[in-house]
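K.L.:
Quick one: structure below, then a few questions.
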Amino acid sequence: MNLEFTPEEVAFREEVRNFIEANYPKHLGDTGLREDLAREDFVAWHKVLGEKGWSVPAWPEQYGGTGWTPTQRYIWSEENARVNALMPLPFGVSMVGPVIYTFGNEEQKAQHLPGIRSGETWWCQGYSEPGAGSDLASLKTTAVRDGDHYVINGQKTWTTLAQYADWGFFLCRTDPDAAKPQEGISFILLDMNTPGVEVRPIKLIDGGYEVNETWLTDVRVPVENLVGEENKGWTYAKFLLAHERSGIAGVARSKRGVEKLREIAGSEMLDGEPLMSDLDFARKVSQLEIDLAALEITELRTLAGEQAGKGPGPESSILKIKGTEIQQRLTELTLEAVGSYGTPLYGNIANVPGDAGSNQYPIGPDYAQHAASTYFNMRKTSIYGGSNEIQRNIITKMILGL
Amino acid sequence: MDFNFTEEQDMVRDGLTRMVRENYDWDTRRGVVASEAGWRPEVWAQLAELGILGMPFSEDDGGFGGGAVDSMVVMEEFGKGLVVEPFVPTVVCAGGFLKHAGTAAQKEEHIGAIVDGSRVFAFAYAEPRGRYDYANLETTAKKSGGDYVLNGHKSVVIGAPWASHLIVTARTSGERTDKQGISVFVVDKSADGVVTRDYPTVDGRHASEVYFENVSVPAEALIGEEGNALPLIERVTDEAIAAQCAEACGAMKVAHTMTVEYSRQRKQFGVPIGKFQVLQHRMVDMYTEYEQSVSLTYLATLRLDADERTRKLAVSAAKVRLGQAAHHIGQEAIQIHGGMGMTDELAIGAYFKRLTIFDSEFGNVDHHMKRHIALS
């Protein structure tokens, strides 16, 4: 038993670090979780990675993957986190891509995989519906066969960044009379420019427009866009969710976040001393760091299992629960650290008078500007991807056997 | 990166699992713990025979060339059975001092006797007013001719009633809390002036208050450098913490499994209580705490030979997290067992008590949190 990386892995880290240093788009800077990013910002790094052949590291090599081991992929994500790089969106790369190359036909692979690899096509996920939430199987959107088309009607919600999307993958009910709610659901690819698709952004508590309501009214989709078999969509949806959950721990990002928190609390003052030397505050930071160390080793243990050929099992639910709790506590502590400069509503503050053209915020230190909105935004993590309560149900069933 | 155990380690685990099953069923343990001796020398002899007591020593020292991971394997199995025999005081603590700082003569005299089971040690470091500070010492060792003369009072010395020898920390110079001036001695418990008051502990072990009244020991009793033992004490106690974390993992695992089993059988309102989601999620949280504890135990164990800061950070992280998890899992196990969890008859209470005491050994959550903060 040992924790050291092999010489090959150390060399790999070096290679990755150099590549990121030389190629990460400078204008993106330390983007983190800024809400003011444009579609081009998201796509910029993806394009560079696509050219290098590193945009879909986890895919099988025949579809353009890298053939990296799980450990190499972990190193890759750590190195990206080190510079807080804006990573390719998961909807194409981690979600619909694997479904298409696993269950799709040759035409679908040829049509969709290149755009996902290059970052040219922007995807969104049409799973959730109003009133369904984590009870995904209760979805009501219908797809009715009409000749060589499906006619889709219904309403989806929480469709992340759908306002920019070219394509979406949607779960629709194709057999309303199925015996169980999980049966009779199909997995359909939808061109978001099809008539009858309407996307309405939802303003969230952090002030951003990250998600949307998606209304589908008599949307006609060619039957070729069905993935796999009709009425078997639940199988593909579950497969996709398991993929979504691996990597959800966000250890590398949180490690970077704790470093940043220490910097902030080192410059914020309390009673004439840096906040970081206050025992009450330091205790909370150390607790976070200790929990993060435990999560990191737990993730490495899971990775080692994966490397030995075990797929991501129900243990990944632990990673989701602990990872999101830690992300939330981190953003909460960061907000606490910035003190009263967490209060201004930064998006609404005009530029400094006489400094026309500047986009610098005038109030408080830089690091305070996103503290509140990030904290607000991160409350989503224990809700999405199957709420943490659902994760506990999974562990109850699959591990405790209750 | 490698989280696999070697074939030998797997074999040791299998052997211990059998041994614990044969010797440590619940009724037998209760009887032993309640007996006057409080332990079984024959089990100790069996451990020696299986090679367990010699595992972490190098082959040069008469051992089997294992290391901290081997001790982790052993202690996890001990934790599952709530084994009381003094592996940590004898093999990890006394063995650690001898291994890291003993002279050839000291190794020769003591390690072989530890390996063959003929010599049992206790580690007398804590004092009534010192709490968890190894440097806060009132016990003194004054040089007198070629000898040292020990005076003082050591508290809650685990396993001392069973021990033939003691490892004792004492001040050879300086003021009460100075980091310098601390030395470590090996003392024959039957030496003149060693007075003990023995008693059982709440978690089924036995301990002593140990008083030194002008106890004279020869210069050869000094382990390591005179006056500069604090780094050595910290290293050995870090090794002891890692071993006890593994023990706690074993105990947590069993406490959790017992609780899940119980919730399957106990019915209320016509259904097994394990069907209630509010209890399911609490048992999931226990399980999560256990898995995180295993991870930090690995981390601490694998960092024992790293540089001092890295080692201390990993050990303190483990001690903090496991102290919290031990309380959490112990308390939840009792709660979910309901009134039955309060009875002395059920094993779950014994696991709860051992997990409770685990926190206060070698520094509790608050102590190690402060050490972690100071190093961060």
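Bear in mind these aren't lab numbers, they're just calculated from the coordinates by the rules spelled out. Every value quoted in this text rests on a predicted model; they were computed, and no experiment measured them. Cβ sites come from the backbone with ideal geometry, for glycine too, and all protein chains shown count toward neighbours.
K.L.:
Name the residues of region B:350-371 whose amide N is less than 16 Å from a point 7 angstrom out from the Cα of A:Leu270 along the C-beta direction?
P.N.:
Hits in region B:350-371 for A:Leu270 at 16 Å: B:370.
K.L.:
In nm, to one decimal, how far is the B:Met1 label point from the B:Lys142 one, both placed 7 Å along Cα→Cβ?
P.N.:
Each label point lies 7 Å from its Cα, and together they span 5.8 nm.
K.L.:
R0 = 56 Å: FRET efficiency of A:Val83 with B:Arg197, Cβ-based, nearest 0.05? Before the final figure, lay out each step's value.
P.N.:
Numbers: r = 62 Å, r/R0 = 1.10.
Plugging the Cβ-Cβ distance into 1/(1 + (r/R0)^6) gives 0.35.
K.L.:
What is the sum of charges around B:Pro272, taking Lys and Arg as +1, Asp and Glu as -1, for the other residues whose C-beta is under 10 Å from the C-beta of B:Pro272? Please list the in-between numbers first.
P.N.:
On the way: positive: B:Arg264, B:Arg266, B:Lys267, B:Lys275; negative: none.
Taking every other residue near B:Pro272 into account, the sum is +4.
K.L.:
If you don't mind, there's one more thing I want to ask. Using only the alpha-carbon atoms of region A:300-339, report the extent along each of the three principal axes, biggest first, to the nearest angstrom.
P.N.:
So the extents along the principal axes, rounded to whole Å, are 47, 15, 8.
K.L.:
Taking R0 as 45 Å, what FRET efficiency do you get between A:Lys203 and B:Leu375 from their Cβ-Cβ distance, rounded to the nearest 0.05?
P.N.:
Working: r = 44 Å, r/R0 = 0.99.
In this case the efficiency is close to 0.50.
K.L.:
Put +1 on the Cβ of every Lys and Arg and -1 on every Asp and Glu Cβ in the protein assembly as shown; which of B:Val184, B:Ser144, B:Trp44 then has its Cα farthest towards the positive end of the dipole?
P.N.:
In the protein assembly as shown, that residue is B:Trp44.
K.L.:
Using the Kirkwood radius over C-alpha pairs as Rh, can you work out the diffusion coefficient of chain A via Stokes-Einstein at 10 °C, viscosity 1.306 mPa s, in µm² per second? Let's see the in-between values first.
P.N.:
Working: Rh = 22.8 Å.
Result for D is 70 µm²/s.
K.L.:
In Å, what is the Rg of the alpha-carbon atoms in chain B, and how long is Dmax?
P.N.:
For chain B, the Cα-based Rg and Dmax read 20.9, 78 Å.
K.L.:
While we're on this one: Under a crude label model (7 Å from the Cα following the beta-carbon direction), how far is A:Asn153 from B:Ala37 in nanometres?
P.N.:
Distance between label points: 8.4 nm.
K.L.:
Also, quick follow-up: So what's Rg/Rh here for the protein assembly as shown, counting alpha carbon atoms and using the Kirkwood radius for Rh?
P.N.:
Values: Rg = 30.5 Å, Rh = 29.5 Å.
Radius of gyration over Kirkwood radius for the protein assembly as shown works out to 1.04.
K.L.:
Roughly what % antiparallel, to the nearest 5, for the DSSP beta bridges in the protein assembly as shown?
P.N.:
85 percent
K.L.:
Taking the Cα of A:Ser340, stepping 7 Å toward and past its beta carbon, and measuring to each backbone N in region A:278-294: which are under 19 Å?
P.N.:
none
K.L.:
Can I ask one more? For B:Gln180 and B:Gln46 in the same chain, what is the full-extension length gain: residue separation times 0.36 nm, less their Cα-Cα distance, in nm? Provide the component values of the computation, followed by the final result.
P.N.:
Working: separation 134, 0.36 × 134 = 48.24 nm, distance 4.09 nm.
Going from the current span to full extension adds 44.1 nm.
K.L.:
Would you work out the charge dipole size for region B:233-376 about its Cα centre, treating the Cβ of every Lys and Arg as +1 and the Cβ of every Asp and Glu as -1, and quote it to the nearest 20 debye? Intermediate values should be presented prior to the final figure.
P.N.:
Values: 17 positive and 17 negative charges, 74 e Å.
The calculation lands at about 360 debye.
K.L.:
Could I ask something else about it? Could you calculate the FRET efficiency of A:Gln62 with A:Ile383 from 1/(1 + (r/R0)^6), where r is the beta carbon distance between them and R0 is 41 Å, rounded to 0.05? Let's see the in-between values first.
P.N.:
Numbers: r = 36 Å, r/R0 = 0.88.
The value I calculate is 0.70.
K.L.:
Please state the charge dipole magnitude for region B:163-209, taken about the Cα centre, from unit charges on C-beta atoms (+1 on K and R, -1 on D and E), reported in debye and rounded to the nearest 20. It would help to have the intermediate numbers written out before the result.
P.N.:
Details: 6 positive and 7 negative charges, 23 e Å.
That gives region B:163-209 a dipole magnitude of about 100 debye.
K.L.:
In square nanometres, what is the average projected area of the Cα convex hull of region B:94-184? Don't skip to the end; give the middle numbers.
P.N.:
Values: hull surface 25.6 nm².
Value for region B:94-184: 6.4 nm².
K.L.:
Assign unit charges at the C-beta atoms only (+1 for Lys and Arg, -1 for Asp and Glu), then state the dipole size of the protein assembly as shown relative to its Cα centre in Debye, rounded to the nearest 20.
P.N.:
Working: 76 positive and 108 negative charges, 317 e Å.
Using Cβ point charges on Lys, Arg, Asp and Glu, the protein assembly as shown gives about 1520 debye.
K.L.:
Something else about it: Anyone know which of A:Gln307, A:Gln155, A:Gln62 comes out most mobile in the 10 Å Cα GNM of chain A?
P.N.:
A:Gln62
K.L.:
For the pair A:Glu4/A:Ala38, report the inter-label distance in nm, with labels modelled 7 Å from Cα in the Cβ direction.
P.N.:
4.9 nm
K.L.:
Given the options A:Ala132, A:Leu303, A:Ala110, identify the residue whose Cα lies farthest towards the positive end of the charge dipole of chain A (+1 on Cβ of Lys, Arg; -1 on Cβ of Asp, Glu).
P.N.:
Towards the positive end, the residue furthest out is A:Ala132.
K.L.:
Related question: How much length would be gained if the chain were fully extended between B:Arg266 and B:Glu108, taking 0.36 nm per residue of separation minus their Cα-Cα distance, in nm to one decimal?
P.N.:
Numbers: separation 158, 0.36 × 158 = 56.88 nm, distance 5.61 nm.
So the extension gain works out to 51.3 nm.
K.L.:
Where does the charge balance sit around B:Arg176 when Lys and Arg score +1, Asp and Glu -1, over other residues with C-beta under 11 Å from its C-beta? Show your work: numbers first, answer last.
P.N.:
Values: positive: B:Arg129, B:Arg171; negative: B:Glu127, B:Asp133, B:Glu138, B:Glu175, B:Asp178.
Around B:Arg176, the charge tally is -3.
K.L.:
Take the alpha carbon atoms of region B:148-267, find their radius of gyration, then divide it by 2.2 N^0.38 Å using N residues; give the quotient.
P.N.:
Scaled against compact globular proteins, the figure is 1.41.
K.L.:
How high is the relative contact order of region A:77-144? Use alpha-carbon pairs under 8 Å, at least six apart in sequence, and give a whole percent. Provide the component values of the computation, followed by the final result.
P.N.:
Values: 29 pairs, mean separation 16.3, N = 68.
For region A:77-144, the relative contact order is 24 percent.
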